[in-house]
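What follows is a single structure, written as structure tokens, with notes after it.
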Amino acid sequence: MNLLVVNPNTSVEMTAAIGLAAQKVAGTATHIKTVCPTFGPRSIEGHYDEVVAAAGVVEQVRAGQSWQPDGIIIACFGDPGLDGARELTSAPVLGIAEAAFHAASMLATGFSVVTTMTRTCIIAEHLVHRYGFERRCRGIHGTDIPVLALEHCSGQTFETMVSAAQAALLKDRSGAIVLGCAGMATVCQALQNRLGVPVIDGVAAAVKFAESLAALGLKTDKTGDYAQPLPKEYVNWQGFD
């Protein structure tokens, strides 16, 4: 089984870390290929970054079709470019926020999201509404940890995440924590050990869900709005001419 993991930012270091986190939970017969766009922001910390990154996601999904992936994972908590990616391929395409929300809802009656910059909390809130988890998500909490600080997530950065998660569990009366950034994947187990509640990393959840969908022979619908994009000229965009 082949899974394509797309990190929508252009940090090579974070892309490698995401790939290791994905491979760690993948089955022995699953091959992980982790990529990032050839252009775009080094980190995604707002609406503007996300719009640019979405174009990078579809660039990589389109390029990755030659590898014939059985599933595709968008490894950014904003799930940028998700619908466009689903148009491009019949393989299941999972965003890590959507996967994490589903996993958390199976483990607790309510969950809290702990993410990076406070300014991005509204993006997570929009996704909670889009995916229909308003009754299960009890709070979204920013730590104001810059995304690139997660490339080496230890020491004070890790303790800030622990404190934020502890406060969220108490304030929201939640039973699980969803990590609001793919860069947090490397410390998921350590956080769970400290907190004593389920901590869900969307990268890991998406890998296991993608494996399951592929094993069931399920593919993206191509009869409606996820049908292949209409052929047309794309002007001054390398790889789309």
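A few points about this structure:
- For the chain, adding -39500 (n - 2.57) for each run of n ≥ 4 DSSP H residues and dividing by the number of residues yields -13000 deg cm²/dmol at 222 nm.
- Percent RCO, i.e. relative contact order, over region 1-121, from Cα pairs under 8 Å lying at least 6 residues apart: 26 percent
- Applying the criteria of a DSSP loop state and at most 16 other Cβ atoms within 10 Å to the trypsin sites (Lys or Arg not before Pro) of region 87-142 yields ARG135.
- Ordering 162-169, 24-31 by mean Cβ neighbour count within 10 Å, with the highest value first, yields 162-169, 24-31.
- DSSP-assigned coil residues among chymotrypsin sites (Phe, Trp or Tyr not before Pro) in region 196-235, each with at most 13 further Cβ atoms within 10 Å: TYR234
- Cβ crowding within 10 Å averaged over residues, with 193-199, 181-187 ranked highest first: 181-187, 193-199
- For the chain, fraction of C-alpha pairs farther apart than 23 Å, in %: 45 percent
- Largest mean-square fluctuation among THR15, THR220, THR120, in a Gaussian network model of the chain whose springs join Cα atoms under 10 Å apart, belongs to THR220.
- Remark: the MET106-LEU218 segment gains 38.2 nm on full extension, using 0.36 nm per residue and subtracting the alpha carbon distance.
- Relative to the Cα centre, the charge distribution of the chain, modelled as +1 at Lys and Arg Cβ and -1 at Asp and Glu Cβ, gives a dipole magnitude of about 580 debye.
- Here the extension length gained between ALA16 and ALA149 equals 46.4 nm, from 0.36 nm per residue of separation less the Cα-Cα distance.
- One Cα centroid belongs to region 10-76, the other to region 127-190; the line between them spans 21 Å.
- Relative contact order, whole percent, for the chain stands at 23, derived from Cα pairs under 8 Å and 6 or more residues apart.
- Principal axis box of region 97-202, alpha-carbon based, largest edge first, Å: 34, 27, 23
- Theoretical gain in end-to-end length, LEU170 to ARG130 [0.36 nm per residue, Cα-Cα removed]: 11.8 nm
None of the figures in this text is laboratory data; all of them are computed from the coordinates on show. Please read these numbers as outputs of a predicted model, since none were measured by experiment. Heads up, the Cβs are rebuilt from the backbone with ideal geometry, glycines too, and the neighbour counts pull from every protein chain shown.
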